[in-house]
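Just so it is clear, none of the values below were taken in a lab; they were calculated from the coordinates. Source: prediction; values computed, not measured. All Cβ positions, glycine included, derive from the backbone under ideal geometry; neighbour counts span all protein chains shown.
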Amino acid sequence: MPRVERTTRYGPRVDGRGNEAVLLAHLHAADVADVVAVEAAEGGQAAVAGLARRRDGSRVFVKAFDEPPAADVFAAEAEGLAALRMLGGATTPEVLLASTDLLVLEALHPRRDDAAFWEHLAHDLARVHSTTHDRFGWHQDNWLGRRRQANTWEEDGFEFFTQHRLLRWLDEPRVQAALDAEDRAALERLCARLPELLPERPACLVHGDLWAGNVLATAAGAPALIDPAVSYTWAEIDLAHVWTTSPPPQAARFFAVYAEVTGLDAGWRERVPLVQLRQHLAVVAQFEPDRGAADAIRSTLAPFRRRT
């Protein structure tokens with residue numbers, strides 16, 4: 001992620017010591033030879049990230065894995081950035097290099113947390129979500145952190161969300177350790193009742209990992225999106241993630257303007273815990289400590305546990 005000071009709800013800050021050398025080695029191995037210094041970025045969790053200064057004084061953002069989980073991680077991220085820009089009309093950083101080991105992007109700036117910025121973002125996200133599809137999924141799998149995100153096409157949004165956004169996490173070792181058998185059974189009961197609990201919505205283009213830290217700014221101060229996990233699914237996936245990841249008070253206008261532009265009904269706030277289960281499960285699967293994600297899951301599942 002491009003460097004920006006932020007408070008993250010899940011997981012500790014990455015310690016930048018030593019990361020500069022790792023990134024510099026990756027850059028030189030990729031024949032990016034004009035980098036003279038690298039400053040490690042704070043806040044990243046899945047990968048090592050930093051800002052690289054070139055001989056001409058310009059800077060680029062760089063990200064690498066010590067051990068890439070697969071060869072297509074950065075290619076999928078680059079494709080997601082392009083999709084948000086070309087299909088959804090959002091602003092995303094220019095991709096300068098995407099290889100197995102390294103991602104190099106145009107450097108962005110910390111966001112300006114005022115009401116006008118968040119109103120601008122509301123219009124941008126509404127435009128992204130206006131791009132729809134007749135099926136749920138994506139033409140290929142991509143990545144959410146260090147875990148592959150399955151995007152198998154489905155005709156039914158409830159089936160897609162159940163199989164590829166919720167139940168798929170139950171086999172993860174950390175999730176198995178965090179949730180007991182009754183928790184898992186409660187999740188399955190919840191999934192069976194999703195058509196009663198959530199309104200039927202169209203499949204639209206979503207960012208897929210839109211926590212507040214993945215919103216930065218251009219040099220002109222306009223919102224710019226990073227670190228996507230795109231697919232065609234429910235728009236409320238993005239809205240719930242912003243809502244639950246400590247946006248600043250000025251973001252209140254974001255939610256009001258988004259609802260006004262899209263006609264979103266007022267009941268979306270009550271649906272947030274159900275929709276956000278996907279992200280909580282992903283956090284439990286990947287991060288220790290999970291910063292309350294397992295507790296949030298159990299709280300949402302409580303009404304679906306069998307009464308004894």
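Structure notes:
- Between the helical axis of 252-262 and the longest alpha-carbon principal axis of the chain there is an angle of about 70 degrees.
- Distance between region 90-162 and region 231-289 - C-alpha centres, whole angstrom: 14 Å
- The order of the peptides 102-111, 197-206 by mean Cβ neighbours within 10 Å, most packed first, is 102-111, 197-206.
- Debye-sum result for region 115-304 in log10 I(q)/I(0), which assumes one identical scatterer on each alpha carbon, at q = 0.17, 0.19, 0.20 Å⁻¹: -1.17, -1.45, -1.58
- Between helix 73-86 and the chain there is an angle of about 80 degrees, using the helix long axis and the longest principal axis of the Cα atoms.
- Over the chain, DSSP H runs of length four or greater, each weighted -39,500 (n - 2.57), average out per residue to a 222 nm ellipticity of -10500 deg cm²/dmol.
- Relative to the longest principal axis of the Cα atoms of the chain, helix 115-129 runs at roughly 70 degrees.
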